[in-house]
Amino acid sequence: MVMGMASILSSLNGHHHAACWLVLIGYLLDFADGAVARRLDACSALGAKLDDFGDFTTFGIATSLLLRTSDLLDNILCMCYVLSVFVRLCFFSSGIPFVYRGLPCIYSSAILASASLLSGGNMTMLRVLAMAMILFMISQNFYPHDRVLESQAWKKVVYAGGVVMVFCSSFPPACLYYLLWSVSYILFPTSLWSSKV
């Protein structure tokens with residue numbers, strides 16, 4: 001949630017590069033918080049609600065501000081993006097253990113933040129991607145729960161690579177790593193990212 005609030009402040013102050021990287025750091029921290037809570041046996045209903053609030057802040061509000069311009073249609077797109085994250089978090093429980101219904105908002109945010117960094121904030125591309133991510137989030141498709149830090153060793157290596165990329169943030173292609181990671185989850189959800197793989 002702290003990364004989300006920092007990203008929001010960065011966006012509002014015109015620091016677009018920093019706002020994108022803060023969303024990507026939030027992406028990494030979101031994988032870690034649940035793993036740490038389970039490891040410490042500190043899971044609770046309050047923790048689950050706080051996690052959803054943190055997700056909404058970072059992957060809803062903060063990410064939508066990456067799309068914000070002075071154009072009315074862009075602002076409507078921002079609101080649609082935030083509402084789709086809200087709907088995804090509140091109403092899209094699959095009822096199946098270790099399965100999500102609709103694309104988890106963490107991945108759509110990583111794709112938008114990475115694409116924004118790689119394209120230099122190309123709004124045409126970001127608009128198209130945002131609309132696609134909205135459709136993925138509110139779709140009825142099933143995606144596996146991705147406990148990356150509680151899974152196979154290669155997934156932990158992917159996570160460690162993401163941490164290393166944070167320290168390479170001044171090198172623009174570093175965000176390509178997050179883009180490929182997130183797109184692979186959309187393209188190969190079961191064959192690559194299922195906890196059974």
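When you look at residue 101, is it open to solvent by less than 30 Å² (accessible area, probe 1.4 Å) and over 18 Å from residue 7 (Cβ atoms), yes or no? Taking the combined requirement at face value, the residue does not satisfy it.
Count, please, the residues in the range 4-29 that happen to be outside any loop (DSSP other than H, G, I, E, B) and surrounded by fewer than 22 Cβ atoms within 10 Å (Cβ to Cβ).
Here is the first cut: in the range 4-29, the residues outside any loop (DSSP other than H, G, I, E, B) are 4-12, 16-29.
After this cut, where a residue has to be surrounded by fewer than 22 Cβ atoms within 10 Å (Cβ to Cβ) as well, the list is 5-6, 8-10, 12, 16-18, 25, 28-29.
Adding up the residues that qualify gives 12.
Please find, among 169, 139, 184, the residue that is under 14 Å from the mean Cα position of the chain (by Cα) and surrounded by 12 or more Cβ atoms within 10 Å (Cβ to Cβ).
Sole residue among the options that is under 14 Å from the mean Cα position of the chain (by Cα) and surrounded by 12 or more Cβ atoms within 10 Å (Cβ to Cβ): 184.
Residues in the range 73-130 that are among the polar types (S, T, N, Q), within 24 Å of residue 165 (Cα to Cα) and touching a Phe, Trp or Tyr at 6+ places or on another chain (Cβ under 7 Å): 108, 109, 114. In the set 72, 50, which member is open to solvent by 50 Å² or more (accessible area, probe 1.4 Å) and at pLDDT below 85? Result: 50 is the single residue among 72, 50 that is open to solvent by 50 Å² or more (accessible area, probe 1.4 Å) and at pLDDT below 85.
Being in contact with a Gly (Cβ under 9 Å, 6 or more places away or on another chain), part of a helix (DSSP H, G or I) and more than 30 Å from residue 171 (Cα to Cα) narrows it down to one residue among 135, 73, 89; which is it? Give the derivation first.
Numbers: 135 fails: in contact with a Gly (Cβ under 9 Å, 6 or more places away or on another chain); 73 fails: in contact with a Gly (Cβ under 9 Å, 6 or more places away or on another chain).
One residue alone meets the criteria, 89.
Only one of the numbered conditions (1) closer than 30 Å to residue 83 by Cβ; (2) aliphatic (A, V, I, L, M); (3) at pLDDT 90 or above is violated by residue 148, and that is (3).
The values are calculated or read from the model by the stated rules, or taken from the named source; none is laboratory data. Just so you know, these numbers come straight off a predicted model, no measurement behind them. Don't worry about glycine lacking a Cβ; one is built from the backbone with ideal geometry, like all the others, and counts go over all protein chains shown. The accessibility values were calculated without ligands, DNA or RNA, using every heavy atom of the protein model including side chains. Shrake-Rupley method; radii C 1.70, N 1.55, O 1.52, S 1.80 Å.
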